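Below is one structure; the comments refer to it alone.
The values are calculated or read from the model by the stated rules, or taken from the named source; none is laboratory data. Fair warning: this is a prediction, and the values are worked out from it, not measured in the lab. So basically every Cβ, Gly included, is an ideal-geometry build from the backbone, and we count neighbours across all protein chains shown.
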Amino acid sequence: MTDSPVLPQLPHFVVVGKVNMGKTSVLATLLEIDDQRRLRITATPGETTRVQVLPLAIQGREVVRFLDSPGFHQAIEAMRAIQERAGATRVPSLEHLRGFAEAAEKTGDFEDERLLLQPILAGAGILYVVDASKPLRDDFEAEMEILRWSGRPRLAILNEQSEHPEHREAWKTRLGSHFNLVRTFNAHQARFPQRLQLFEALLSIEEDHRGHIEETIRHLQNEWLDRRAQAAEFLYEHFRKTLPWRAEAALTLPEFESPRRKEAATETLRARYHQGIAQRQRACLEKLLSLYRHHLLQAEEAELALPDLEIADTWKRWGLNRQQLLSAGAVAGATAGGALDLAVGGTSFLAGTALGGLLGAGAAWWRGEQLPELKVDVQGIRLHTDRTRTLVVGPPGSPNFPWILLDHLLNAYRQILSRPHAKREATVLENDKAGPSHTLSGPTRQNLQRFFAQALKSKLSPDQEVPTLTALEDALTQVEEQLT
Amino acid sequence: MEKPLPQASRSWSFSEWSEFEVLAGSESEPAPLAVPVRGGAEERQALFRRWLQQTSPDLPTGKKLASLLQGAALLLGLLGALLGIATLFGLRSVASDSIHLVLFLLSALAIPWLFLVLLAVGALLGAPARLSPAWGLLRLGLAKGLRSVLPGPTAVILQEKPFLFRLASLSQWLPLGFFLGLLAGFFACLMAFDTRFHWESSFGSATQGLLEATLGILETPWSWTGHALAPGREALEAAQQRFIGSEKLPPPANAAVWWPFLATALLVWGLLPRVLLWGAFRLAEKKALRHLSFDAVRHRRLWRALVGSELQLPLTAPEDEAVLLDLGGSQVALESLRPFLLQKLRIAPTDKLRVGVLDAAEEARALGIASQASGGVVLLIEDWAFAPKQCQALLAKIREKGRPELPIWLLVFDGSPGQPQPPSRERFAAVQEWTDQLQDPHTACIAWGAS
């Protein structure tokens, strides 16, 4: 026998099943591995040629180990060989399986069966993967029998690879009599809650290493929350740097005074501004993709990594609608006015709050439907000795601008959360329909509006950091909740 | 195993907090602590405190900053005291040993209060940094000053509440010193000179009325005690300086009437509010230090780095990856060979590279990659193209670069239609015979489609 990949101090789970039942896909989604070089998933039967160890570690300390195995190729023949060893009158046991594996190693027969039995004989728990869309045939019966004879803790996973798992009930009934627990897990649709449930199911079949599994589950939950917090930080940093950003170019006085050359320079800057914003959006998306361990899901090229800001439809479909902009603008304005009320000890009878609210709402109403005109500004006029003028372009004069950017990112976030790691085709994040910004709760929108208003004017107060991070986390949580 | 965190009991001191913020803002990556993950603000505080104790137990930066601010406070106090003494002696007429009451009240009480009200309104507007360019400049100056005397990114603390409250309490040392100086000068004058008090005005009775009202207001805080200290109308009238011809009459000896009131007014309206403000700012600082949320981006990053909660997957590629070396460059695609190689040889082809081609660099690169393959190398040979000496040279090059036990297969096939087909029996036999002669246990020959 070769060196065992099973260590007695750790919980081990070997994933077994017939070839092409999606064993590796289950592991890929469960452990978030979309790297085809590390964990191969193809339609070719027998893609997994040997037992592959997939350890999970916390702070460099291994806590649980999964083992991917080659599938059953000759289950019926293997079952007969094992039965032969036990004799006609006895039910085969672990020792008979051991004897079978040792004999197979000598003869070179049943190589796949021998390899998959190896960790089971060493003490690993069994995760038996079946595709509920396939009919329950005798070779599956043989597989289940062999696994039952091992006496190891067993969990059956119904990996529904088809839209119509017509044999599901038959499978459930049959699996129920052979396994300690049966769980449904669609490796091509499962998201975090389903992954967590599968980890929790491991607790039901593995008693000896309960502490390790509980610790893993706790880390898994914490890590998920922490990722959301980190995603909020990425968005915060992105907006903090992107919203105040302007495209600038220095023009000589003759260039500046020539209307044609000035217009040409402005056009160049407009293009540069849009490109710059798209590049920043893309960089933020790439951070989110990396955070959620996606390598095959990709952000668009920089030029396309954003809804087209130069067409009116974008401004209508993306971001917030006019009423929502009005409401968010009113609250942001009222907050600013409230500071004035406070300054005069309330003697203004909240006139500042009311006026600020009205001004904020009015600005949003007036500019909410505005077409995407970029602001153009000139610097350097006051310094008469200066022989150059700086042309500054951006951002668009609509309060919906930051919301379009956010909408685009939340739309991508939704896709990132929905994408299981078992998928192996490289896909570009879709950018053709609006995101979920308009579904965010009122308080979340208002908090974000305050932040956007300050950031656009480069007047971000340090006090705004923590409330904005909280609002962004809330927004991400709401997007995630909409998926369930 | 995980170590439990200490209880987050006592509040942070200013030195601890500033030391921590400077350390947290630095770029260096902290080593993870083995602690339970994720918790509320208390758990985070406890973890940060432990990290601070381990990283910088002596708090050099924090203590230095606290000392610097303390030194600045003393300096301001001293400056204020000198200003107070100078003001008092400036108000005193040397010729008549007399203090002008109106100027005294204006300089000692009205102007400091005016400053106080303006600053309070500014602060209530909520954004001194934005409203006052002076504050922006001051902050820049402070940042520069701190950078020159303290190591690390100290600018990060300049906008934080504990620092701002410390700065606010520090700023009270100037008026505190001023009033103490004023009081000291006042009593020194009384002790050393026959000091008198007078007032004069072109408006006469109007100014007197105003003074009477002012004295009444100033006495309000202690009027409930029943001890009226404010001099009455007669004393006011007596203190008015008049002209006899072109000569000014010296004021009467009225120090006993005026000094108790003026000293009390200085204490109650000058010193006391500043002491209260100083105390309020110190309390606000302590409150801010007690309720640190540590939830800014830099804190979250540090927390994450310390806890190291990420589940790691120390994965390596499966050791069945094989490189296909296509002798001469056949038209057979890797994908069409894949099922056979997986199921028969139990290896997963990852790359198909050409050898036996004119481009020497391409061949050298292919052999370099092949020698590193974990699962082995497959030399693809079309049955008609087998050339023993060429194969021998290639095998020698692979063996020279790769490990001795690297498995090498010679896969013989008929690739003429573009799809691999079984080789002719004779041609395969020739390759097999040649392979056997090599007597290399890690080199084998196989025909396409062999069962």
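Below are the figures for this structure:
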| item | result |
| --- | --- |
| First in segment A:241-270 and over 28 Å from residue A:456 (Cβ atoms), second anywhere and buried (at least 16 other Cβ atoms within 10 Å of the Cβ) and among the acidic types (Asp, Glu), Cβ under 8 Å, 6 or more apart | A:261/A:255 |
| Among the candidates B:276, B:272, B:283, B:267, residue that is more than 8 Å from chain A (Cβ to nearest Cβ) and in contact (Cβ under 8 Å) with a residue 12 or more places away in the chain | B:267 |
| Within segment A:385-409, considering residues that are among the polar types (S, T, N, Q) and either closer than 16 Å to residue A:232 by Cβ or in a loop (DSSP other than H, G, I, E, B) (or both), the one modelled with the lowest pLDDT | A:385 |
| Count of residues meeting criterion [in contact with a Lys or Arg (Cβ under 9 Å, 6 or more places away or on another chain) and farther than 21 Å from residue A:13 by Cβ] in segment A:138-164 | 4 |
| Near pairs, Cβ below 7 angstrom, 6+ apart or cross-chain, from segment A:307-323 (under 19 Å from residue A:278 (Cα atoms)) to any residue that is among the acidic types (Asp, Glu) and at pLDDT 80 or above | A:318/A:407; A:319/A:407 |
| Index of the failed condition, residue B:325 passing every other in (1) outside any helix (DSSP H, G or I); (2) within 11 Å of another protein chain (Cβ to nearest Cβ); (3) touching a helix residue (DSSP H, G or I) at 6+ places or on another chain (Cβ under 7 Å); (4) surrounded by 17 or more Cβ atoms within 10 Å (Cβ to Cβ) | (2) |
| Among the candidates B:408, B:347, residue that is over 50 Å from the mean Cα position of the chain (by Cα), more than 21 Å from residue B:436 (Cβ to Cβ), modelled with pLDDT of 90 or more and not acidic (Asp, Glu) | B:347 |
| Test result for residue B:367, in a loop (DSSP other than H, G, I, E, B), modelled with pLDDT of 90 or more, more than 14 Å from every other protein chain (Cβ to nearest Cβ) and within 17 Å of residue B:443 (Cα to Cα) | no |
| Qualifying positions in segment A:448-463 - part of a helix (DSSP H, G or I) and either closer than 22 Å to residue A:396 by Cβ or of a type in the set (Val, Ile, Thr) (or both) | A:448, A:449, A:450, A:451, A:452, A:453, A:454, A:455, A:456 |
| Filter result (more than 12 Å from chain A (Cβ to nearest Cβ) and buried (at least 20 other Cβ atoms within 10 Å of the Cβ)) within segment B:331-351 | B:332 |
| Where residue B:87 falls short, out of the listed (1) more than 23 Å from residue B:180 (Cβ to Cβ); (2) crowded, with 19+ Cβ neighbours inside 10 Å; (3) among the polar types (S, T, N, Q) | (1) |
| In segment B:286-312, the residues that are over 19 Å from residue A:225 (Cβ atoms) and modelled with pLDDT under 85 | none |
| Enumeration of residues in segment B:107-125 that are within 20 Å of residue B:215 (Cα to Cα) and either in contact with a strand residue (DSSP E or B) (Cβ under 9 Å, 6 or more places away or on another chain) or small (Gly, Ala, Ser) (or both) | B:107, B:108, B:110 |
| Those residues of segment B:221-231 which are surrounded by 11 or more Cβ atoms within 10 Å (Cβ to Cβ) and either without any contact (Cβ under 8 Å) to a residue 24 or more places away in the chain or closer than 17 Å to residue B:199 by Cα (or both), in sequence order | B:223, B:228, B:230, B:231 |
| Subset of segment A:23-42 [within 7 Å of chain B (Cβ to nearest Cβ) and either in a strand (DSSP E or B) or at pLDDT 90 or above (or both)] | A:31, A:33 |
| Qualifying position, being within 14 Å of chain B (Cβ to nearest Cβ), on the phi < 0 side of the Ramachandran plot, modelled with pLDDT of 90 or more and buried (at least 18 other Cβ atoms within 10 Å of the Cβ), among A:475, A:471, A:422, A:412 | A:471 |
| Residue ID - farthest from residue B:303 (Cα to Cα), chosen from residues in segment A:224-246 that are crowded, with 18+ Cβ neighbours inside 10 Å and among the acidic types (Asp, Glu) | A:233 |
| Matching entry among B:169, B:148 (being modelled with pLDDT of 75 or more and at negative phi) | B:169 |
| Per-region count, segment A:43-77, residues of a type in the set (Lys, Arg) and at the interface with another protein chain (Cβ under 8 Å from one of its Cβ atoms) | 1 |
| From B:441, B:404, residue being assigned to a loop (DSSP other than H, G, I, E, B) and touching a residue at least 24 places away in the same chain (Cβ under 8 Å) | B:404 |
| Positions within segment A:53-91 being assigned to a helix (DSSP H, G or I) and polar (S, T, N, Q), in sequence order | A:83 |
| Matching option when the condition is crowded, with 17+ Cβ neighbours inside 10 Å, among the aromatic types (Phe, Trp, Tyr) and within 18 Å of residue A:24 (Cβ to Cβ), among A:72, A:110 | A:72 |
| Residue match in segment B:382-394 (condition: within 14 Å of chain A (Cβ to nearest Cβ), within 60 Å of the chain's Cα centre (by Cα) and modelled with pLDDT of 90 or more) | no |
| Those helices (runs of 4 or more DSSP H) lying entirely in segment A:121-226 with at least 2 residues away from every other protein chain (no Cβ under 14 Å) and over 30 Å from residue A:104 (Cα atoms) | A:168-178, A:192-205 |
| Condition check for residue B:388: within 28 Å of residue A:112 (Cα to Cα) and surrounded by fewer than 20 Cβ atoms within 10 Å (Cβ to Cβ) | no |
